[in-house]
Amino acid sequence: MLIELKDVNKTYNNGQPLHVLKGINLGIDSGEFVSIMGASGSGKSTLLNILGILDNYDTGEYHIDGRLIKNLSEKQAAAYRNKMIGFIFQSFNLIGFKTAVENVELPLFYQGVNRRKRHELAMQYLDRLGLAGWAGHYPNEMSGGQKQRVAIARALITNPKIILADEPTGALDSKTSEEVMQLLGELNRQDKVTIIVVTHESGVANCTDKIVHIKDGVIGRIEDNREHHSSMFGTQTIMK
Amino acid sequence: MRDLFVEIAESVRRNKLRTALTGFAVSWGIFMLIVLLGAGNGLMNSFVQGGGGFATNSVSVGGGWTSKPYDGLKQGRRIRLDDGDVATTGGELFVDNVELVSATVGTNATVCYGKKSISGYIDGIYPAAQMMEKREMLAGRFINDKDIADSRKVVVIPESTAQGLLESGESAIGLLGKYVKVGDLAFRVVGIAKSDRMRNSRDLYAPFTTVKTVYGKGQEVGSITFTTKGLDTEKDNEEFEKNYKSVINLRHRAAPDDERAIWVWNRAHQDVQMKQGRNILSTALWIIGLFTLLGGIVGVSNIMLITVKERTHEFGVRKAIGASPWSITKLIISESVAITAFFGYIGMFLGMLTCEVLDKTLGQAKMSIMDEEIAMLVNPGVGLDVALEATLVLIVAGTLAGFFPARKAAGVRPIEALRAE
């Protein structure tokens, strides 16, 4: 198991205590393409934050590749995030005053890779995502789809164990959404990258091989979706 | 390192006006600090130049009147220094603290050269007087040991006195090697000394032994001047003086604790006071300068806080993709130090330029005090030491200004920051 969650609990103590995750047990193997689906308030974002070592959990255990992730110092957490996890966000979260290639380089900068080498590598990844011609452009000169592809390049560049995508299509139109999901699917099949997508859209979830339903802080059904027949893009769900 | 500079440059470029306005306050602070210290130095230099005709470790001694009865003699008795006092001063007793000894004996005399004559004062001195009185020579030499030994009739004339003996327009150096008449005797001019307005320019210098023999002064000595060594503190100086007075007093059958039997003028006291004054002045100027700078520092701290606030989301993203808290702290503090140092150096440069301008303008202006001309500012400006200290101040100040904003930035939690948009 690449990812193992054992009875993970999380309570927010802002005034009224809010028990968000109520004993999550989940295992994800290397090379899986999984979506975590749930309505807003179901705890899926909290789960994603814990998976991404952006937040702590109260009780239980979380292992990545056999390594226990608990009570890490900020520095350690940053180092783990840098080496093991690639993030793809709904709003891209590219740094506005840096060019596409500089954005892609950034994780390597924090690994202390030298300038020339990280530029070379960043160009390779941009090229792979068909954005070599856009390397010198700033995020505000690119379309949403292009920005998300830059973000994907940035997530891939450290060769992480897991890619965590938080509503990766949330800010994209349906056509581009489909393209992005296809791209993630290809990466998963060709490069055996483990990808976890958090979404509330069934169309997005349908592109993945396994759908984990989460509701009210507990994991419900885990659906095998290798046939991709759960629900198609644009059906049974209101798309933009 | 280069990456850090690139990041700082990017950040500053986005907020040019804001950075420039705040930077101005820093420049102003350092500018004031440098100009104040520079002008203060000029003022102190002018005092030193005004007051300093003598080596700072020199002591002058002269005869006085006794102020109390002692050994059967009544008070109010005149004490005259003599050769024995010179020998005692330079003898075994004070060997630890006395370096060079010079004595003077003098008399008024009319000095003639050709048709011109002036009334002057002929000072019989020892070679050591040159160093003690910081006499600089324009031409020729000062009185030397051979002159003393042979009681030669030679004389050193200050430039202004020499000028008085010559027709206007002639150079004072022309008098070198000529004979002048002092009273009834011809003295050969062996040196022309530089004149300065702080000293009696009527003084002519001749060998101590010559003056004594020629003018029949017997054992009498006008004053004794000697340089001291190993007296580092005010307390050492006082103890030495007390000891010295008691020894000389006893030689003249005056009470050892009589303060007025001989007068002792120790320039070390003056020197200590001068140094204290200088320290107080420069401390005061530093404080004023630093407080002026403080305004600039608060400004830098303020824009750094705004920057951090604006960039919260960005820092969240950076942390999510692996930036350690320290890398964020470093970024903010470096930016703060870079802004402070950059504008600080502009201020420092302008301050030094202003000191140069002061030197060319006020530095050339003279004040007239008691018929003596004193420059208001002598060599205003600051040394390399102040420039280095100011650099250190800038770096410390920049770090302080960046510290709290940086801590705030490093404490940004990525989830909060990512939510911020």
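Here the translational diffusion coefficient of region B:162-270 follows from Stokes-Einstein with Rh set to the Kirkwood radius across Cα pairs; for 10 °C and 1.306 mPa s it amounts to 89 µm²/s. Quick one: work out the % antiparallel among DSSP beta bridges in region A:3-224, nearest 5. In region A:3-224, approximately 55 percent of DSSP beta bridges are antiparallel ones.
Working note: Karplus 6.51/-1.76/1.60 with θ = phi - 60° gives region B:311-321 the couplings 9, 3, 4, 4, 5, x, 4, 4, 5, 4, 8 Hz, where Gly and Pro are set to x. For region B:89-108 versus region B:227-249, the spacing of their alpha-carbon centroids is 13 Å. The share of alpha-carbon pairs in chain B lying farther apart than 43 Å comes to 41%. Sorting B:GLU133, A:GLU178, A:GLU186 from the fewest to the most surrounding beta carbons within 10 angstrom yields A:GLU186, A:GLU178, B:GLU133.
Could you tally the net charge around A:ASP29, taking each other residue with its Cβ under 12 Å from the Cβ of A:ASP29, Lys/Arg +1 and Asp/Glu -1? That sum, taken over residues with Cβ under 12 Å, equals -1.
Kirkwood radius, region A:113-200, all distinct C-alpha pairs, inverse of mean reciprocal distance: 13.6 Å. Each of A:ASN14 and B:LYS275 was given a label point 7 Å from its Cα along the Cα-to-Cβ line. The distance between the two points is 6.6 nm. Could you work out the relative contact order of chain B? I mean the mean sequence separation of Cα pairs under 8 Å and 6+ apart, divided by the number of residues, in percent. Across chain B, relative contact order equals 28 percent.
Summary value for region B:137-227: 39 percent relative contact order, contacts being C-alpha pairs under 8 angstrom separated by 6+ residues.
Rounded, prolate or oblate: which fits region A:155-199, taking a ≥ b ≥ c as square roots of the Cα gyration tensor eigenvalues, rounded meaning a/c under 1.5, else prolate when a/b beats b/c? It comes out prolate by the Cα gyration axes.
Compute the distance in nm between two label points, each set 7 Å from the Cα along the Cα-to-Cβ direction, one at B:GLU234 and one at B:GLU310. Between B:GLU234 and B:GLU310, the simple spin-label model gives 5.5 nm. Charged neighbours of A:GLU4, selected by a Cβ distance under 15 Å, balance to -1 (K, R count +1; D, E count -1).
Hey, with R₀ at 41 Å, roughly what FRET efficiency would B:MET137 and B:VAL6 work out to, going by the Cβ-Cβ distance, to 0.05?
For B:MET137 and B:VAL6, the calculated efficiency is 0.10.
Taking the Cβ of B:VAL59 as the centre, find all other residues whose Cβ is under 10 Å away and add up their charges (Lys, Arg: +1; Asp, Glu: -1).
With Lys, Arg at +1 and Asp, Glu at -1, the neighbours total 0.
Set the Förster radius R0 to 22 Å, insert the Cβ-Cβ distance between A:SER30 and B:ARG419 as r into 1/(1 + (r/R0)^6), and round the FRET efficiency to 0.05. That gives a FRET efficiency of 0.15. Taking B:ALA323, B:ALA103, B:ALA397 as the candidate residues, the one with maximal mean-square fluctuation in a Gaussian network model of chain B, Cα springs under 10 Å, is B:ALA323. Karplus-derived 3J(HN,Hα) values for region B:63-80, using 6.51 cos²θ - 1.76 cosθ + 1.60 with θ = phi - 60°, are x, x, 10, 5, 10, 8, x, 7, 6, x, 9, 7, 6, x, 8, 6, 10, 10 Hz; glycine and proline are entered as x.
Enter the mean number of other protein chain beta carbons within 10 Å of the beta carbon of each residue in B:411-418, as an integer.
4
For region A:92-135 and region A:1-42, compute the distance between their C-alpha centroids and round to whole Å. Result: 31 Å between the Cα centres. Computed over the protein assembly as shown, the Cα gyration tensor eigenvalues convert (square root of 5λ each) into semi-axes of 94, 27, 18 Å, ordered from largest to smallest. For A:LYS10, the aspartates and glutamates whose Cα falls under 20 Å of its own Cα, not counting residues fewer than eight places away in the same chain, are A:ASP55, A:ASP58, A:GLU61, A:GLU74, A:ASP166, A:ASP216, B:GLU416.
In summary, no lysines lie within cross-link reach of B:LYS360, defined as a Cα separation below 16 angstrom excluding same-chain residues under 8 places away.
Available extension along the chain between A:LYS75 and A:HIS137 is 19.2 nm, counting 0.36 nm per residue and deducting the alpha carbon span.
Among beta bridges from DSSP that stay inside the protein assembly as shown, the antiparallel ones total about 70%. The mean number of partner chain beta-carbon atoms within 10 angstrom of a residue's beta-carbon across peptide A:105-113 is 3. Dividing the radius of gyration of the alpha carbons in region B:98-228 by their Kirkwood radius gives 0.95 for Rg/Rh.
Based on alpha carbons, the Rg and Dmax found for region B:293-420 are 22.3, 80 Å.
Describe numerically, in nm with one decimal, the distance between label points set 7 Å from Cα along Cα→Cβ at B:TRP65 and at A:GLU4. About 11.0 nm separates the two model spin labels. Taking 10 °C and 1.306 mPa s as conditions, region B:1-159 diffuses translationally at an estimated 70 µm²/s according to Stokes-Einstein applied to its Kirkwood radius (Cα pairs). Other protein chain C-beta atoms within 10 Å of residue C-beta, averaged over B:311-320: 5. With Rh defined as the Kirkwood radius, the inverse of the mean 1/r over Cα pairs, the Rg/Rh of region A:3-224 is 0.97.
Residues of region B:113-147 with the amide nitrogen closer than 20 Å to a label point 7 Å from the Cα of B:SER171, along Cα-to-Cβ, please. Answer for region B:113-147: B:136-142. Averaging 1/r over each pair of different alpha-carbon atoms in region A:1-125 and inverting the result gives 16.5 Å, the Kirkwood hydrodynamic radius.
Exceedance of the 23 Å cut-off in Cα-Cα distance is limited, within the set A:LYS70/A:LYS161; B:LYS146/B:LYS181; A:LYS98/B:LYS16; A:LYS75/A:LYS147; A:LYS117/A:LYS161, to A:LYS75/A:LYS147.
Throughout, read-outs are computed from the coordinates displayed, never taken from laboratory work. The structure displayed is predicted, hence computed values, not measured ones. Glycine gets a Cβ as well: all are built from the backbone with ideal geometry, and neighbour counts include every protein chain shown.
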